[in-house]
Amino acid sequence: MARPYADLLFTGGPVFTAGGGPATSVAVRDGRILAAGNDLRDLTGPSTEVVDLAGRLLLPGFQDAHVHAVMGGVELNQCDLTETTDLDEYLRRVAAYAEAHPGDGWIVGGGWSMETFPGGVPAKELLDRIVPGRPVFLANRDHHGAWVNSRALELAGITADTPDPAHGRIDRAADGTPAGGLQEGAMELVTPLLPEVTTADRIAALRRAQRLLHSLGVTAWQDAMVCATNGYPEVSDAYLAAASEGWLTASVVGALWWDRDRGAEQIPELLAHRERLTVGRLRCDSVKLMLDGVAENFTAAMTRPYRDACGCATTNRGLSFIDPARLPGYVTELDGHGFQVHFHALGDRAVRDGLDAVAAARAANGFRDTRPHLAHLQVVHPDDVPRFRRLGATANLQAYWAAHEPQMDDLTIPFLDPALVDRQYPFGDLWRAGAHLAAGSDWPVSTPDPIQAIHVAVNRIHHGEDDEPFLPEQRLDLATALTAYTAGSAWVNRLDDTGTIRPGNRADLVVLDRDPFAAPPEEIAETRVALTYIDGKRVHPV
């Protein structure tokens, strides 16, 4: 009996199947991969669309295992300070935004880099000179701190007498007056005053974000902050609208936010959210637990104390946002309900706390197919590297950060205990130890472009920079990095019929504009996405 004809046939170029076996042609029918092999001309019928790869690489769609898509879309429409570290340019953009939005009251946006300011602390006076009468709130690029002006501090009632909140810090001048920077939980002193971002705003932001991510070859993602509290924005209404109305073309897993000010009593609410927010292409069966902060503001939880500006040890080992003694119980209960746990774990003490919690859940519940993952992993203790494989915990890599840049060289390395410096972003060690690797961007913290992150994973240097590679022994090869961003993230997202090119899987596919395997590794970042398909239908370009 003759085989059915394909609706779509890719041929004439290399195919990276991410574990699906060798192939040079791929046939698609009814949104699924019909066949992958070397000669599929017999599947070509009168209505078959043939895509000539012309030597370009075909691969599974990228999947981002840790992103904030709605937030990224919102920020594209606010005062955008990304893509530069120049102070004069920041001030020019703030002034231009203020002029273009004279009636908005507050000026809100972000994306600035700590490296621009001495000690990473921005001064309120810089903004006061530009917009003296309007309050300003600008989140930094990692969203763990904000730059505010005097008017914002005044409206929030923040003075020299205001104590630091339990999970944050008010940056201060020598006399104790607020300097203009708010770290971690201190942002919550201002965020309730900010103008509301409406449901319509968030829906428009998701539409814009989805177009952008598809243009970068991303066909599925896990949003790491859904139903958020603790001062973070809520985005579930946009996802619910997109899924219910049928215009969510990506497959999205929502990681429900764990309120760090509460305990296990919130789990029934998470169960209700999971049921309410599982619609169409949206599934919300992951829970995000933010264990610590970031190294640049000394809130990432470390096993050794931070150093001061003189290189002397302090008493500060960072913050644990969730009590490590209670965390194993929370994770065990979540695991028992079938939730995946998704940890923000940046310092090595936070990584250990997360792994300890997974170990407790495994001991209590057995090895359930819940696929826990730990994101960021800036510092990992060598003793904990082999535990990822033993516990079945995925290492979720934000590879773009694993490079020399001022934020690393000026604001991190000098303040870490020397024993921790060479333990940063140990991707190679994790891979050699057999850990399952996934990958994500954390956009809008950094670029949403998987190719740029893969370039750093392979080269340990940003494209176009002349720095030395950062801990080059932790490089990944190109095939491993691509697999992490495709099959690896598909595993984390529990989208088991995606991530690899094999018959029966969904035809979520990307055509690059070249074959990066055929060029030197230092040219990976020059690659662009030419075509993106979801279920065999082209979503970029449209």
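The values are calculated or read from the model by the stated rules, or taken from the named source; none is laboratory data. Every value quoted in this text rests on a predicted model; they were computed, and no experiment measured them. FYI the Cβ positions are ideal-geometry reconstructions off the backbone, even for glycines, and counts take in every protein chain you see.
Regarding residue 180, is this residue buried (at least 21 other Cβ atoms within 10 Å of the Cβ) and under 24 Å from the mean Cα position of the chain (by Cα)?
Criteria not met by residue 180.
Can you tell me which of 106, 112 is farther than 29 Å from residue 414 by Cβ, of a type in the set (A, V, I, L, M, F, W, C) and touching a Lys or Arg at 6+ places or on another chain (Cβ under 8 Å)? Explain how you work it out, then say what you get.
Details: 112 fails: farther than 29 Å from residue 414 by Cβ.
Sole residue among the options that is farther than 29 Å from residue 414 by Cβ, of a type in the set (A, V, I, L, M, F, W, C) and touching a Lys or Arg at 6+ places or on another chain (Cβ under 8 Å): 106.
Evaluate the following for residue 191: is it at pLDDT 95 or above, on the phi < 0 side of the Ramachandran plot and hydroxyl-bearing (Ser, Thr, Tyr)?
Here the answer is no, as residue 191 does not meet what is asked.
Matching residues to (1) out of contact with any Leu (no Cβ under 7 Å at 6 or more places or on another chain); (2) buried (at least 22 other Cβ atoms within 10 Å of the Cβ); (3) farther than 19 Å from residue 220 by Cβ:
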| residue | (1), (2), (3) |
| --- | --- |
| 414 | yes, no, yes |
| 444 | yes, yes, no |
| 448 | no, yes, no |
| 459 | yes, yes, yes |
| 469 | yes, no, yes |
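Across the range 145-171, which residue is surrounded by the fewest Cβ atoms within 10 Å (Cβ to Cβ) among those that are touching a strand residue (DSSP E or B) at 6+ places or on another chain (Cβ under 6 Å) and not in a strand (DSSP E or B)?
164
Considering only residues that are in contact with a Leu (Cβ under 9 Å, 6 or more places away or on another chain) and surrounded by fewer than 20 Cβ atoms within 10 Å (Cβ to Cβ), look in the range 83-92 and name the one that is farthest from residue 407 (Cα to Cα).
The selected residue is 91.
Go through the range 304-328 and give me each residue that's within 25 Å of residue 386 (Cβ to Cβ) and surrounded by fewer than 20 Cβ atoms within 10 Å (Cβ to Cβ).
Scanning the range 304-328 gives 304, 317, 324, 325, 328.
Taking only pairs six or more apart or across chains, which ones have beta-carbon atoms under 7 Å, a first residue in the range 435-446 that is touching a residue at least 40 places away in the same chain (Cβ under 8 Å) and within 11 Å of residue 69 (Cα to Cα), and a second residue that is of a type in the set (Val, Ile, Thr) and surrounded by fewer than 24 Cβ atoms within 10 Å (Cβ to Cβ)?
What qualifies is 441/447.
Hey, does the range 492-514 have a residue that's assigned to a helix (DSSP H, G or I) and either out of contact with any strand residue (DSSP E or B) (no Cβ under 7 Å at 6 or more places or on another chain) or among the hydroxyl-bearing types (Ser, Thr, Tyr) (or both)? It would help to see each step written out before you state the result.
Residues of the range 492-514 assigned to a helix (DSSP H, G or I): 492.
Within this subset, residues satisfying the condition of being either out of contact with any strand residue (DSSP E or B) (no Cβ under 7 Å at 6 or more places or on another chain) or among the hydroxyl-bearing types (Ser, Thr, Tyr) (or both) are none.
Looking for residues that are assigned to a helix (DSSP H, G or I) and either out of contact with any strand residue (DSSP E or B) (no Cβ under 7 Å at 6 or more places or on another chain) or among the hydroxyl-bearing types (Ser, Thr, Tyr) (or both), one finds none in the range 492-514, hence no.
Given the residues 430, 420, which is the only one that is in a helix (DSSP H, G or I), within 20 Å of the chain's Cα centre (by Cα) and over 16 Å from residue 61 (Cβ atoms)?
On the way: 420 fails: within 20 Å of the chain's Cα centre (by Cα).
Within the list 430, 420, the selection yields 430.
Are any of the residues in the range 394-416 on the phi > 0 side of the Ramachandran plot, outside any strand (DSSP E or B) and not β-branched (Val, Ile, Thr)?
No, the range 394-416 has no match at all.
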